[in-house]
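The values are calculated or read from the model by the stated rules, or taken from the named source; none is laboratory data. Given the structure is predicted, the values throughout are model-derived calculations rather than measurements. Note that each Cβ is placed from the backbone with ideal geometry, even for glycine, and that neighbours are counted across all protein chains shown. We work out accessible area using only protein heavy atoms, side chains counted, and drop any ligands, DNA or RNA first. Shrake-Rupley method; radii C 1.70, N 1.55, O 1.52, S 1.80 Å.
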Amino acid sequence: MARRFTRLCAVALVLGAMGGDTALAEDAAPGPAPASPPPTIPTPTPEPSWFTPPAGAVCRQWSDGCHVCTRASTDAETSCSTPSIACVQTALRCLEPQPSAQ
């Protein structure tokens, strides 16, 4: 019993040293809601250099050593692979020329 009384006294001393405020968080009045930041409009990012074929070349498939990009025709969308773990980036080079229209 004496040990329990000692523990209660110690807790009372600690609470007293903390300013005596023993109110629970649930008892506190709610404060104003935090202001939400204004929405941001994403800025368009430029295409990476490997996304376009080498200058002056008409390629169906090209690579920079890390990415391999393919385009079915000159007006089609470009699709590129993701880089591998152990890639060594080099200058863009044409892997397969665009077939000429006949």
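Observations, loosely collected:
- Here Ser49 and Ala72 are evaluated by their C-beta separation; at R0 = 30 Å the FRET efficiency comes out at 0.90.
- Heavy-atom accessible area order for Val88, Val68, largest first, 1.4 Å probe: Val88, Val68
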